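Notes follow the structure.
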Amino acid sequence: MDAETAVMDYSEFLKMKAQQGSGCGFSPTYLPGFLFDFQAALLEWSIIQGRGALFADCGLGKTPMELVWAENVARHTGGRVLILTPLAVTAQMEIEAEKFGIGAKVSRDGTAHRITITNYERLHYFKPSDFAACACDESSILKSFDGKRKGEITQFMRKMPFRLLATATAAPNDYIELGTSSEALGYLGHMDMLNRFFKNDLNNSATGRHRGEVAKWRFKGHAELPFWRWVCSWARAIRKPSDIGFADDAFNLPPLLEKEHTVEASTLAEGMLFALPAVGMKEQRDERRRTLQERCEKVASLVNGTGEPALVWCHGNDEGDTLEALIPDSVQVAGSDSDDAKESRLLGFADGKHRVLITKPKIGAWGLNYQHCNHVVTFPSHSFEQYYQSVRRCWRFGQKRPVHVDIVTTEGERGVLKNMQRKAAQAERMFANLVAEMNGAIAIDRASNFTKSQELPQWL
């Protein structure tokens, strides 16, 4: 073997080792022209990775990326691919697939197509053995399911060599929630992740556990950087194309105009001379019940008579029923409705059949596109993710007008609003850290394309 051949062989050896370390997928064969450059780059990484997560902000095109990913896997394996979506997103994704010329079909009864789209609630109709791969749209929804449902989804994908998670809110409240994604992809389980990178102060505190205190996890010494590097090995995060080195030309959002409306209660809490912030969940529930009529009347005054579409979010059945009675040209999507009825009404609002949509975030806050609407009205809750996703149904790339968000609250719920704002700031810091580490990982990947030939040591 001459020196030149030896150099080439050793270089190929290094490339093979790098590929084995970075993924278990394959090189894409289908990257169509309708993709933006940053989408093509993310797709190439995810397909080579085999099992990966794309944490891409709302409106960055997760749907076309999921469809192209599925098409590549179907071509490579000759098998079927299942795409799981939130309720009512299935129909929108099928329309998008037809627009892009990708043969994906909705199934509600377990029938497996080459690329099958269904919602999470219908997963029990399908068999894992029918599919070579599975993609989870708006995958952060996994943690909102109960343990049984989440376990069902994770178990369904367990033996599939190709898996994709896509969401805008990877871990909105705490980065330890990333363990849910890792577990679904077949990497470290949630508890394994905690034990490797984190510690909690209750482990050695029998007193704390006896009092029922909640474990507060924090990084082990010097574990934060290894943690982010580990996440980078199976995920990519992006808020805008420039996060990974591409132009933002087509992805600039219009202004988001948030306004708080504090409603005065007609009756004070028992024993109170003036309104005070509610303390604890019981007082907060009492506050919401006591101020129901005033809050709903304020919402109605904000949306009635405008002639413009409005998206109204509530949290209780009594709120939804009261709002529907106060807003004549509205439609409500309630938890007691059938899945078909929910889907019809959610899509009906998107198509302009209903001027005002009233529903709960846990029903309709994920995946749907409502860029025709630029007015959102909501009551505060402790969930930043629900608020973020609720607003993002309208305030997303493709929206041409400023989006107005009216937050209707009371003096007693000030604490709820402050807690949500605290979580928002925490989520922003976490995502900034994640993006920064992603940039570092991508820079390392690009730097690995050596221009100088590897020289063998003389002793070989």
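Observations
- Anisotropy class of the range 320-410 from Cα gyration tensor, a/c 1.5 cut: rounded
- Stretched out straight at 0.36 nm per residue, the stretch from Asp318 to Glu297 would grow longer than its current Cα-Cα span by 6.2 nm.
- A full extension of the chain between Trp217 and Glu428 corresponds to an added length of 74.1 nm, given 0.36 nm per residue minus the alpha carbon distance.
- Cβ-Cβ FRET estimate between Arg75 and Ser129, R0 fixed at 30 Å, reported to 0.05: 0.90
- Residues listed by number, the range 350-384, amide nitrogen under 20 Å from Lys148 label point at 7 Å toward C-beta: 363
- Local electrostatic count, Pro226, Cβ distance below 13 Å [Lys/Arg +1, Asp/Glu -1]: +1
- Local net charge near Thr116, Cβ-Cβ under 12 Å (Lys/Arg +1, Asp/Glu -1): +3
- Volume per residue of the convex hull around the Cα atoms, evaluated for the range 256-421, comes out as 110 Å³.
- Per-residue Karplus couplings for the range 320-327, computed as 6.51 cos²θ - 1.76 cosθ + 1.60 with θ equal to phi - 60°, are listed in order as x, 5, 5, 4, 4, 6, 8, 10 Hz, Gly and Pro entered as x.
- Sequence-distant contacts, meaning Cα pairs under 8 Å at least 6 residues apart, place the relative contact order of the range 256-421 at 33 percent.
- Each part gets one Cα centre, and for the range 319-361 versus the range 26-100 those centres are 30 Å apart.
- For Lys105, the lysines whose Cα falls under 22 Å of its own Cα, not counting residues fewer than eight places away in the same chain, are Lys62, Lys127, Lys342.
- Simple spin-label estimate for Leu257 and Ser338 gives 4.2 nm between the two label positions (7 Å along the Cα-to-Cβ direction from each Cα).
- Each label was represented as a point 7 Å from its Cα along the Cα-to-Cβ direction; for Asp248 and Glu308 these points are 2.5 nm apart.
- The range 63-170 has equivalent-ellipsoid semi-axes of 19, 16, 13 Å, by the square roots of 5 times the alpha carbon gyration tensor eigenvalues, sorted largest first.
- Highest-first arrangement of 374-383, 356-365, where packing means the average Cβ count within 10 Å: 356-365, 374-383
Here, each number is a calculation from the coordinates, and none is a lab measurement. Here the structure is a predicted model, which means the values were calculated and not measured. Neighbour counts are summed over all protein chains in view; Cβ atoms, including those assigned to glycine, are modelled from backbone coordinates with ideal geometry.
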